[in-house]
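Mind having a look at this structure? Questions to follow.
The values are calculated or read from the model by the stated rules, or taken from the named source; none is laboratory data. Values in this document were obtained by computation on a predicted structure and should not be read as measured data. Cβ sites come from the backbone with ideal geometry, for glycine too, and all protein chains shown count toward neighbours.
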Amino acid sequence: MEYILLTFFILVVILALLFFLSWWQFSQLGMQEHKLKMERILFLAKYVSNSPYFIKENSIFDDSKLTAAKSLGPGICDDFESVFGYDWFIKIRAFNGDTETTCTWTNYPDCNSWKFCTKNQKNISRILPVNIYRKIPEENGIGIMEVGIYI
């Protein structure tokens, strides 16, 4: 009888150890997946901040370049996918007004928001401070850039 109880106890300990190690492995996989997504977002933010499509100089966004890129329409996302990859979005907003006004050629420079490749899908993103060169008053302003990927 003692051998049966000892064997049962050893089996319970081994099963508990297996369940714990399996749970630990799955949690590590989830953390690794989250880390890879964050690295992709930060890489995208760095690449966009240094892209000649959007910046004036040294990570300073140019509002006229942003408006020109935005005016090309939603088809520009297909062209940008070959440069930046798939399933991403960028939202840039300058702090020069209370209301958010999307920039187009008709309301430029009385606008303060640019959105590229946005969809109504589940996403993860990061918000970063940025400098924005406003061409009409010829001054640098501050704003935020939200960079994200769709999951």
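Could you pull out the residue among GLY85, GLY73 that is at positive phi and surrounded by 12 or more Cβ atoms within 10 Å (Cβ to Cβ)?
Only one candidate qualifies: GLY85.
Same structure, new question: What are the residues in segment 13-65 that are aliphatic (A, V, I, L, M), without any contact (Cβ under 8 Å) to a residue 60 or more places away in the chain and under 30 Å from ASN131 (Cβ atoms), if any?
If the condition is that a residue be aliphatic (A, V, I, L, M), without any contact (Cβ under 8 Å) to a residue 60 or more places away in the chain and under 30 Å from ASN131 (Cβ atoms), then LEU36, ILE55 are the ones that fit.
For segment 33-40, indicate whether the set of residues that are touching a helix residue (DSSP H, G or I) at 6+ places or on another chain (Cβ under 9 Å), hydrophobic (A, V, I, L, M, F, W, C) and surrounded by 10 or more Cβ atoms within 10 Å (Cβ to Cβ) is non-empty.
The answer is no; no qualifying residue exists.
So, one more: I'd like the full set of residues that are out of contact with any Ser or Thr (no Cβ under 9 Å at 6 or more places or on another chain) and of a type in the set (A, V, I, L, M, F, W, C), limited to segment 30-47.
Those that are out of contact with any Ser or Thr (no Cβ under 9 Å at 6 or more places or on another chain) and of a type in the set (A, V, I, L, M, F, W, C): MET31, LEU36, MET38, LEU42, PHE43, LEU44, ALA45.
Going through segment 70-80 one residue at a time, which ones are in a helix (DSSP H, G or I) and either more than 19 Å from the chain's Cα centre (by Cα) or touching a residue at least 40 places away in the same chain (Cβ under 8 Å) (or both)?
LYS70, ILE76, CYS77
Hey, does segment 51-69 have a residue that's within 24 Å of ILE142 (Cα to Cα), within 18 Å of the chain's Cα centre (by Cα), in a helix (DSSP H, G or I) and modelled with pLDDT of 85 or more?
yes
Just checking, which of SER113, SER64, SER71 is farther than 20 Å from MET38 by Cα, in contact with a Ser or Thr (Cβ under 6 Å, 6 or more places away or on another chain) and not charged (D, E, K, R)?
None of the others qualify; the one that does is SER113.
Counting just the residues of segment 103-122 that are surrounded by fewer than 17 Cβ atoms within 10 Å (Cβ to Cβ) and in contact (Cβ under 8 Å) with a residue 12 or more places away in the chain, which one comes out farthest from LEU72 (Cα to Cα)?
LYS122
Further question: Counting only residues that are of a type outside the set (A, V, I, L, M) and within 12 Å of ASP87 (Cβ to Cβ), which one in segment 135-151 is surrounded by the fewest Cβ atoms within 10 Å (Cβ to Cβ)?
So the residue we want is TYR150.
For residues that are within 15 Å of the chain's Cα centre (by Cα) and outside any strand (DSSP E or B), tally how many sit in segment 81-115.
Counting residues in segment 81-115 that are within 15 Å of the chain's Cα centre (by Cα) and outside any strand (DSSP E or B) gives 5.
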